[in-house]
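Q: I have a structure I would like to understand better, so I am pasting it below and will then ask my questions one at a time.
The values are calculated or read from the model by the stated rules, or taken from the named source; none is laboratory data. Quick caveat, the model's predicted, so the values are computed rather than measured. Every residue, glycine among them, receives a Cβ derived from its backbone with ideal geometry; neighbour counts consider all protein chains shown.
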Amino acid sequence: MKIGIYTIHNAYNYGAMLQAFATQKALSKRGYTSEFVNVYTDEQEDINEVKIFSFKIKSFLTYLYARLNPKVQLKFKLFREFHKLMNVSKRYHTMDEIYENPPKYDVHLVGSDQVWNLEKGFEKKAYFFLDFLSSKELKMSYASSFGTASISENCSARLRGLLVGFSAISTREKDGVAIVKKHTGMEATQVLDPTFLLNANEWDVVAKEPSIKGEYILCYGFDGSEKSKEMIESAKKRLNLPIVLVTVSLFFPLKVDVFLHEVGPAEFLGLVKNATFICTSSYHGMALAINYRKSFIGTLHPNRNSRMHSMLSIFGLEHRQLDTPKDILEMLDEELYIEYSTIEHKIEKAILDSGNWLDSSLKNRVSNFENSVI
């Protein structure tokens, strides 16, 4: 049996590429052959490699910096090399190509990540609802995310029309389960992000040891806002350790001890593994910290926090997000560091439940589907 995976697998983003890698490895562990449906437009490639030229000051400077900085070019190379670890289909250079000639698989699996984020409307995301496939195709979703706590009532009819052909639906967030139920009347199950379906030892197989030696605080996902500045400065002051910063942005306006450009997904895993402490505003930054049983602190997003809260609440770690970054200065050691032994049972149960959902959904749906065809 062969599974086609529809997700964001080729973006130069650590979380996106790692969740994709984990999905395929999780399927492989269960005895399934899979490949990513490789819709990779020329525009997407240009965005990844910062090849788009513009005379707008910021865009122009970003373009020059990316093209001329060898460390940035090395980063792009590391992403390309990591992506080669994954099985992908032939490349579709345009959406028209896949709509005109849809691929054939025994199962079409959507997810994970924010593939169902409807901020820009259905037209930008219709592909991830598999609207180009016939009703005869077996469609499923694993840990797909709407990226928000609610969607407009105007979406109900369209959403139901798109999801009615799915034989099994799971979402990454509890809010996603509620959205599916409210707008379509259909049932969905909350499961963990696929990065949890690989344990730390399995991630170690592809992780690269960092060049940074000694203890450090890994900071990831921050922008140049005042809140980010407060978090980074407060963490450094409280822990008295150097800051190692990784960001998807090419520029960072705050001074830190080490700002690393030349980091691909494998190098990022190594930095997480070897960090003494982690500060992050990123969903996957928190997910990987938990996977590696690292103590971490995150920041609350003003209006897009449902993704993080939904994950953290499963493990009883909601308090790890600080609304006021300077609160870290007042935390005692027992508050600052996570005693994972007290929540290990929650982590293991959630991972087991998520894996079992994937197992049973694939086996049951495929069996039922084959019987109905016969």
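Q: Among the strands (runs of 3 or more DSSP E) contained in the range 120-233, which hold 1 or more residues that are of a type outside the set (Phe, Trp, Tyr) and outside the structural domain of residue 26 (by TED's automatic domain parsing)?
A: Correct list: 217-220.
Q: Based on this model, can you work out whether residue 67 counts as of a type in the set (Lys, Arg) and closer than 30 Å to residue 108 by Cα?
A: no
Q: Another question about this same structure. What tally of residues in the range 274-321 results from selecting those that are in contact with a helix residue (DSSP H, G or I) (Cβ under 8 Å, 6 or more places away or on another chain), farther than 21 Å from residue 235 by Cα and among the charged types (D, E, K, R)?
A: 1
Q: Could you pull out the residue among 25, 51 that is part of a loop (DSSP other than H, G, I, E, B) and of a type in the set (D, E, K, R)?
A: 51
Q: Where residues in the range 85-128 are among the aromatic types (Phe, Trp, Tyr) and farther than 20 Å from residue 193 by Cβ, which of them is farthest from the chain's Cα centre (by Cα)?
A: 99
Q: Still on this model: Specify which of the listed residues (18, 61, 78, 74) is at pLDDT below 90, in a helix (DSSP H, G or I) and either surrounded by fewer than 20 Cβ atoms within 10 Å (Cβ to Cβ) or in contact with a Phe, Trp or Tyr (Cβ under 9 Å, 6 or more places away or on another chain) (or both).
A: After applying the criteria, what remains is 61.
Q: Take the conditions outside the structural domain of residue 9 (by TED's automatic domain parsing), out of contact with any Pro (no Cβ under 9 Å at 6 or more places or on another chain), surrounded by fewer than 20 Cβ atoms within 10 Å (Cβ to Cβ) and closer than 30 Å to residue 50 by Cβ and apply them to residue 288. Does it pass?
A: Taking the combined requirement at face value, the residue does not satisfy it.
Q: While we're looking at this one, here's another question. Tell me whether the range 240-257 contains one or more residues that are out of contact with any helix residue (DSSP H, G or I) (no Cβ under 9 Å at 6 or more places or on another chain), crowded, with 16+ Cβ neighbours inside 10 Å and among the aliphatic types (A, V, I, L, M).
A: no
Q: With the requirement that a residue be under 16 Å from residue 306 (Cβ atoms) and crowded, with 18+ Cβ neighbours inside 10 Å, what does the range 118-168 give you?
A: 118, 143, 144, 145, 146, 147, 148, 149, 151
Q: OK, next. Please count how many residues of the range 31-48 are in a strand (DSSP E or B) and either among the polar types (S, T, N, Q) or within 30 Å of residue 59 (Cβ to Cβ) (or both).
A: The total comes to 5.
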